[in-house]
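Notes follow the structure.
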Amino acid sequence: VTKNEPLRLLLIGFGNVGCQFARILTVEREQFPGLDDLNVTVVGITTLSRGSLENPEGIDLRRALLEIETAGRFQAQNPDFSSRGSADAASELEYDVLVELSTLSIDRRGEPACSYVRTALGRGRHVVTANKGPIAFAYNELRALARAHNCILLHESVVMDGAPVFDLAHFGMRGCRVLEVDGILNSTSNFVLSRMELGEHPDDAVRIAQARGFAEADPRHDLEGWDSAAKICVLANVLLDGDLTPLEVEREGILALSAKELRTARQEKKRVKLVCRAWREDGQVRAAVKLKKLSDSHPFSRIKESGGILRIATDLMGPIIVQQEAPTLYDTAYGVLNDLLLLGIKTRPSAEATPN
Ligand SMILES: NC(=O)c1ccc[n+]([C@@H]2O[C@H](COP(=O)([O-])OP(=O)(O)OC[C@H]3O[C@@H](n4cnc5c(N)ncnc54)[C@H](OP(=O)(O)O)[C@@H]3O)[C@@H](O)[C@H]2O)c1
C-alpha cells in the first residue's frame, strides 16, 4: 500500500469544527483505523480572538484542545503561542494545505475567508474549506486561481457536512449533466420547524441547535435563509456551472411562520419545509430558497429535526437522492478528513496531476 504524502496543515478557525477535527486526530485517533492512511501535521492554528499557535514540527494538539476547553483561549505560556493573525499566517507560514474553518460572513460577501483562500491558492497551496463563504461568493475565481497554480480546492463539508455530495457528483456521476438540484439543506431551520410542530417555542429550539453545535455562529443566518442561500448557491456554481452569489438567490426564511400555520398544515396532512432549489432556465442558472407546503408522502416531508436531503436530477441518470439523518460534528469533521484523504492520494508523486 502506498502511504499518502505527508501534508502540513494551517487551520484557520478553531471552534466547534476545528476542535472536533483535532479531537479525532488525537485523543480519539485509535477509534478510527480507517484514518490510518491520513498523514497530516498541524503546523499552525489561528482564530479571531483566542490567539494563534504555530510550530513547523507540529503543534501539540492535545494541549491546544485542553487550553480551549479549560481557559477558552490559547495560553501565552504555550511554547507554540504566536501573535500572528490569520491573514499573515496564510501568507507567511510554510504549510501544504489551508484548512479554512472560520465563520460564514454574508455582510462582507464571504470575507475575510475568501482572501485567506486566495492567498493560499496564490502561493500554490491546496485548500480544504468547511466555510461556504468562499465557494458561495467566489467559486469561479478561486477555481481558476487553483488551476493556474496547479493546486486543489476541496469543499465537501460545505453542503450536508460530510455526506458525499461533491464526491458523488464528481466521481459517481461522470458524464451526467446536472439539470436541477433541490433539497433541505439547513439543519437549524428544519430543526426549529420540527420542534414548532410539536409546540416548542422557536427561541428554545434555536438554543438547543446552538448547544449541539450545528447552528451558525449568528443563528439569523439560519432562520433568515442565508445559510440555505449560500448552500444552494454553492451547488448552483459547482454542479450547474452557475455564477451566482447568495445575494442573487430568491430567499425566504422561517421567521414569519407561525405555530398556527404549522398546525393547520398538519391538519391537512402536510408539512411546511424550507426548500432550496437550483435549476437551468433560458440558458441561465437560477436558485431559490422558499417555504413549501408538502404532502406527507413527499420525500422531503420525512426529514425530521436536524436531518437534510438533496435530490440531484441529471440528463443521463437519476434523480438520485442523498439523505442525512441527525448529523453531528463528526459528520462535518469527516467531510474535512475525507478531503484531506483525497488530497493525500492526489498529491502522491505517482498520481496523475488532476487538480480540481
Ligand atoms: N458546525 C457545523 O455543524 C458545521 C457544518 C458544516 C459547515 N460548518 C462551517 O464550518 C465553519 C466553522 O464552523 P464552527 O461551527 O466551527 O464555527 P465556530 O464554532 O463559530 O468557530 C469559528 C472559528 O473561526 C474563527 N473565526 C471567526 N472569524 C474569523 C476571522 N475573521 N478570521 C479568523 N478566524 C475567524 C473563530 O475565532 P474565535 O474562536 O476567536 O471566535 C472560531 O475559532 C463555518 O464556516 C460553518 O459554517 C459548520
Which lysines, on any chain, are close to Lys346 with Cα under 21 Å apart, when same-chain ones fewer than 8 places away are left out? Lys3
Surrounding net charge for Glu250, when Lys and Arg each add one and Asp and Glu each subtract one, Cβ distance under 10 Å: +2
Inter-probe distance in nm under a simple model that places probes 7 Å from Cα toward Cβ, at Asp167 and Ala313: 2.8 nm
For segment 57-74 and segment 17-40, what is the separation of their Cα centres, given in Å? 15 Å
Under 18 Å between alpha carbons, and skipping anything fewer than 8 positions from Lys273 in its own chain: which lysines qualify? Lys231, Lys260, Lys290, Lys292, Lys293, Lys304
So which aspartates and glutamates pass the test for Lys270, namely a Cα distance under 14 Å, with those fewer than 8 places away in the same chain ruled out? Glu197, Glu261, Asp296
The chain - mean residue ellipticity at 222 nm from DSSP helices (-39,500 (n - 2.57) per run, n ≥ 4, rounded to 500): -10500 deg cm²/dmol
Indicate the helices, whole DSSP H runs only, in the chain that combine a mean Kyte-Doolittle hydropathy of -1.0 or more with a Cα extent along their long axis of 20 angstrom or more. 132-148, 329-346
Plugging the Cβ-Cβ distance of Ala87 and Arg280 into 1/(1 + (r/R0)^6) at R0 = 45 Å yields, to the nearest 0.05, a FRET efficiency of 0.75
Sparse-neighbourhood loop hits (GluC sites (Glu not before Pro), segment 17-71; DSSP loop; Cβ within 10 Å at most 12 others) -> Glu57
Cβ-based net charge around Thr47, under 12 Å, with every Lys or Arg adding one and every Asp or Glu removing one: +2
Treat every Asp and Glu Cβ in the chain as -1 and every Lys and Arg Cβ as +1, leave all other atoms uncharged, and give the resulting dipole magnitude about the Cα centre to the nearest 20 debye. 760 debye
For segment 138-201, what is the largest minus smallest coordinate of the Cα atoms on each principal axis, given in angstrom and ordered from greatest to least? 53, 24, 19
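Where a number appears in this text, it was derived from the coordinates with a stated rule and is not lab data. Treat the numbers as computed from the prediction; the structure is a model and nothing was measured. Heads up, the Cβs are rebuilt from the backbone with ideal geometry, glycines too, and the neighbour counts pull from every protein chain shown.
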